[in-house]
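Encoded as C-alpha cells, the structure appears first; notes follow it.
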Amino acid sequence: MAEKSNITTLKPLPRHVAIIMDGNGRWARRRFMPRIMGHRQGAVAVKEIVTAARELNIPYLTLYAFSKENWSRPAEEVEGLMDLLFEYLQKEIDELLGKRIRLRAIGEIEALPERVYNLLMETMEKTSKNYEMQLILALSYGGRSEIIEAAKKFARRCMAGDMDPEELDESSFRSFLYAGDIPDPDLIIRTSGEKRLSNFLLFQAAYSELYITSTLWPDFNKKEFIKALNDYRRRERRFGMTSEQILLRCTSSES
Ligand code: FPP
C-alpha cells in the first residue's frame, strides 16, 4: 500500500521494462513438482505482470520467455514450454485486443514449431494496430546472435553498394536489430537472485538500470513489480555524466 501511494511522488516510470523471468524450475522443485508446473505457474505471473504494466501505462514490456540456449534443455521441457506458449497465445488474444496491446517477438522465431510460429504470426498481425502498449516476447532469443545477424545484414547492404561502412553509427546499427524502433530498456528486472544478463538485450542494455530480486518468477506479482518500479524511480540515471550536469539538463528542459 505504502509502495503504491509513493508512486506519484517519484521520478517518472520507465518507458520500457524488460524482465528475465527466472526461477520456475526452483519454484517447482521446492514443491516436489515437475519443472513444467513451475513454467505453468510462470505463465500465470506473465498474465498478472502484463495486466499491471498496462494499468500503469508502461508503453513497452519485454519478457525473456525462451533463449536460444533453452533449446538444449530436455526435449520434454522444451515441448512443454512450446505448448504453454501456444496456450498463452490462444487464451490471451481477446485480452490483448481488448486492452489494445500489440504483441511482437524478437529472436529466431522461425526455429519455433510450425503451429507456434503460425499462431504467433497471426497474433502479431491481429494486434499490429494496437498502440497503447507493446508486449515483446523474446523467443529463441540470444543477444550475441542478434548482434551478429545485424552485422551480417549491414555487410550485405555494403556489398550491394547501398551503404558505406563509414555511415554506420549506433543509431543506424539499431535498424538491423530485431526491433530497432523499440527504445532501450530503462529497467531490467531479474527474478530468482541470479546477477547476470544471460545473453539478454546485450546491445540495448548499455545504460539500463538493473533490479535483482530473490523472488522466484512464479511468485512475482503486481506488488513486487511496483516495488521494482519505485526502486527505479528513486535512482539517478547519469548516462556517463556528473550529477551536476544531469541537474542542469533537467532544470534547462523545465524552463
Ligand atoms: C527460467 O526459469 C524460465 C524459462 C526458461 C521459461 C520462462 C517461461 C515462462 C515464464 C512461461 C511461459 C511464457 C509465456 C510468455 C507464456 P528456469 O526454468 O531456468 O528456473 P530455474 O533456474 O529455477 O531452474
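The values are calculated or read from the model by the stated rules, or taken from the named source; none is laboratory data. Here the structure is a predicted model, which means the values were calculated and not measured. Neighbour counts run over all protein chains shown; Cβ positions are idealised from the backbone, glycine included.
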Legend entry - Breaking point among (1) under 30 Å from TRP217 (Cα atoms); (2) exposed (fewer than 13 other Cβ atoms within 10 Å of the Cβ), for GLY180: (2)
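Listed residues LEU187, LEU137, LEU119; which is within 30 Å of GLU87 (Cα to Cα) and surrounded by fewer than 20 Cβ atoms within 10 Å (Cβ to Cβ)?
On the way: LEU187 fails: surrounded by fewer than 20 Cβ atoms within 10 Å (Cβ to Cβ); LEU137 fails: surrounded by fewer than 20 Cβ atoms within 10 Å (Cβ to Cβ).
Exactly one of LEU187, LEU137, LEU119 is within 30 Å of GLU87 (Cα to Cα) and surrounded by fewer than 20 Cβ atoms within 10 Å (Cβ to Cβ), namely LEU119.
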Legend entry - Filter pass, LEU81 being free of Cβ contacts under 8 Å to residues at least 60 places away in the same chain, buried (at least 19 other Cβ atoms within 10 Å of the Cβ) and not charged (D, E, K, R): yes
Legend entry - Evaluation of THR215 against (1) over 17 Å from the mean Cα position of the chain (by Cα); (2) within 16 Å of the ligand (Cβ to nearest atom); (3) loosely packed, with under 11 Cβ neighbours inside 10 Å (one fails), failing number: (3)
Legend entry - Tally, over the range 20-66, of residues that are farther than 17 Å from ILE101 by Cα and more than 10 Å from the ligand (Cβ to nearest atom): 5
Inset, instruction - List every residue pair whose Cβ atoms lie under 6 Å apart, where the two residues are 6 or more positions apart in sequence or sit on different chains, the first residue falls within the range 168-194 and is more than 19 Å from ILE109 (Cβ to Cβ), and the second residue, located anywhere, is of a type in the set (Gly, Ala, Ser) and not in a loop (DSSP other than H, G, I, E, B). - result: PRO185/ALA18; ILE188/ALA18; ILE189/ALA228
Inset, instruction - Restricting attention to the range 66-94, report how many residues are assigned to a helix (DSSP H, G or I), in contact with a helix residue (DSSP H, G or I) (Cβ under 9 Å, 6 or more places away or on another chain) and under 19 Å from ILE136 (Cα atoms). - result: 15
Inset, instruction - Go through (1) in contact with a Gly (Cβ under 8 Å, 6 or more places away or on another chain); (2) of a type outside the set (A, V, I, L, M, F, W, C); (3) more than 10 Å from the ligand (Cβ to nearest atom) and name the single condition GLU122 misses. - result: (1)
Legend entry - Long-range neighbours under 6 Å by Cβ, at least six apart or interchain, first residue closer than 18 Å to PRO14 by Cβ and in contact (Cβ under 8 Å) with a residue 60 or more places away in the chain within the range 127-146, second among the charged types (D, E, K, R) and not in a loop (DSSP other than H, G, I, E, B): MET133/ARG54; GLN134/ARG102; GLN134/ARG104; ILE136/ARG104
Legend entry - Residue pairs meeting the criteria (Cβ under 7 Å; at least 6 apart or on separate chains; first more than 15 Å from ARG73 (Cβ to Cβ) and aromatic (Phe, Trp, Tyr), in the range 20-49; second within 9 Å of the ligand (Cβ to nearest atom) and not in a loop (DSSP other than H, G, I, E, B)): TRP27/GLY38; TRP27/GLN41; TRP27/PRO218
Legend entry - Number of the exception - LYS68 against (1) crowded, with 20+ Cβ neighbours inside 10 Å; (2) touching a strand residue (DSSP E or B) at 6+ places or on another chain (Cβ under 7 Å): (1)
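Would you pick out the residues in the range 87-103 that are within 9 Å of the ligand (Cβ to nearest atom) and not hydroxyl-bearing (Ser, Thr, Tyr)?
Within the range 87-103, the subset within 9 Å of the ligand (Cβ to nearest atom) is 87-89, 92.
Result: GLU87, LEU89, GLU92.
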Inset, instruction - Scan (1) touching a Leu at 6+ places or on another chain (Cβ under 9 Å); (2) closer than 30 Å to ARG29 by Cα; (3) in a helix (DSSP H, G or I) for the single condition SER192 breaks and write down its number. - result: (3)
Inset, instruction - Pairs only if they're at least six apart or on different chains, beta carbon under 6 angstrom, first in the range 90-118 and modelled with pLDDT of 95 or more, second among the hydrophobic types (A, V, I, L, M, F, W, C) and in a loop (DSSP other than H, G, I, E, B); list them, first residue then second. - result: ILE106/ALA179
Inset, instruction - Count, please, the residues in the range 196-255 that happen to be assigned to a loop (DSSP other than H, G, I, E, B), free of Cβ contacts under 8 Å to residues at least 40 places away in the same chain, within 27 Å of ALA28 (Cβ to Cβ) and not basic (Lys, Arg). - result: 2
